[in-house]
1. List every residue pair whose Cβ atoms lie under 7 Å apart, where the two residues are 6 or more positions apart in sequence or sit on different chains, the first residue falls within the stretch 104-117 and is closer than 18 Å to Tyr147 by Cβ, and the second residue, located anywhere, is surrounded by fewer than 16 Cβ atoms within 10 Å (Cβ to Cβ) and polar (S, T, N, Q).
2. Among the residues of the stretch 270-287, which ones are of a type in the set (A, V, I, L, M, F, W, C) and assigned to a loop (DSSP other than H, G, I, E, B)?
3. Working only within the stretch 64-100, note down all residues that are of a type in the set (Gly, Ala, Ser), out of contact with any helix residue (DSSP H, G or I) (no Cβ under 6 Å at 6 or more places or on another chain) and within 24 Å of Gly24 (Cα to Cα).
4. How many of the residues in the stretch 62-83 are in a helix (DSSP H, G or I) and modelled with pLDDT under 90?
5. Considering only the stretch 103-160, state which residues are under 12 Å from the mean Cα position of the chain (by Cα), among the basic types (Lys, Arg) and assigned by TED's automatic domain parsing to the domain that holds Pro58.
6. Report yes if Glu222 is closer than 20 Å to Phe263 by Cα, out of contact with any Lys or Arg (no Cβ under 9 Å at 6 or more places or on another chain) and among the acidic types (Asp, Glu), otherwise no.
7. Quick test for you: out of Ala101, Ala164, pick the one residue that is assigned to a loop (DSSP other than H, G, I, E, B), among the aliphatic types (A, V, I, L, M) and out of contact with any Ser or Thr (no Cβ under 8 Å at 6 or more places or on another chain).
8. How many residues are in contact with a Ser or Thr (Cβ under 7 Å, 6 or more places away or on another chain) and surrounded by fewer than 20 Cβ atoms within 10 Å (Cβ to Cβ) if we restrict to the stretch 251-275?
Amino acid sequence: MLRLRSHLALLLLAALGGCSELRGRKKIQEGNAAYKSGDFATAVARFTEAAAFVPQMPLLWLNRGYACRELIVPGADAIVNRSAAGCALESFKRLRELEPADPRGDRLYVQTLLDLGEFRTIERTFSLRHERNPTDLDVILVLCQVYSKTGRWRDALTFYRKAAALLPRDAEAQYAVGAFIWRVLQTHGGGPGLAEYDPRPRPERPAPAPPLAAPTDIVGAERVALCEEGIRFLGRAIELRPHYTDALTYTGLLYRQQSFALFDDAGAWERVVQQSVAFAAQAAGKP
């Protein structure tokens, strides 16, 4: 009799467990339907309810995290966004715990922190990770983002270089360094107004005075050196992938940025501008 009762109890527990899983899966289906219809608040509510029945299901936490992220609205009330972000962070953290081999948990957790502007938190965490494992590419790429978003372009460039060094046969990794250098120069004294300036003297008038540089502009030898470095990385990208249109385009753009440091040497300025025009034509497929 005791054995029979134990057997019945086990059957009852199995049935209850199966019933809980069915209820949990139904809640997830309802959450997925709400998410697809754009009702993200309801989706979060259904996924949260599902967690009471199937807390060990990784897909539940992934979907809940996505739904919570959709409730983060740029410019909205900070308390509302913090609540949505906390929900997303909790979900992705749980996903990391359940499926440590799934890279989405860690990446989405970090991306949510980036969206919130929690740069110091990320920098502290990932700087320690980098010290422990300097060849972890994912860590390096996160630090690239952190330093880029906080305006620390020199630190960001250091990590772009590290990524390229870890991927010497990857054309896009080499290209990324050159493209990043162009973005830095373009926003530090490389605006469109400088492209209109021509330092060459004319018979009817002397050479015009060059535009004045702002205190934050990158000028002179440093600008020339950065352009040369970017062009070298883009050259490696083109070696690895001939006819790499974007790399050819940015090579031309970097030559143009370099010309802004040569206004006091009309001959050198003209040679660099000609290089810029040549690469632009090559990128466009013109002979």
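The values are calculated or read from the model by the stated rules, or taken from the named source; none is laboratory data. Note that this is a predicted model, so its numbers are computed, not measured. Heads up, the Cβs are rebuilt from the backbone with ideal geometry, glycines too, and the neighbour counts pull from every protein chain shown.
1. Leu113/Thr121
2. Ala284 - this is the single residue of the stretch 270-287 that is of a type in the set (A, V, I, L, M, F, W, C) and assigned to a loop (DSSP other than H, G, I, E, B).
3. First, pick out the residues of the stretch 64-100 that are of a type in the set (Gly, Ala, Ser): 65, 67, 75-76, 78, 83-86, 88, 91.
Narrowing further to those that are out of contact with any helix residue (DSSP H, G or I) (no Cβ under 6 Å at 6 or more places or on another chain): 75-76, 78, 83, 86.
Hits for the stretch 64-100 are Ser83, Gly86.
4. In the first step, residues of the stretch 62-83 are kept if they are in a helix (DSSP H, G or I); the result is 62-70, 78-83.
Among the residues that remain, those that are also modelled with pLDDT under 90 are: 78-83.
Total satisfying the criteria: 6.
5. Arg107
6. In short, yes.
7. Details: Ala164 fails: assigned to a loop (DSSP other than H, G, I, E, B).
When all the criteria are applied, what remains is Ala101.
8. Looking only at that region, the number is 1.
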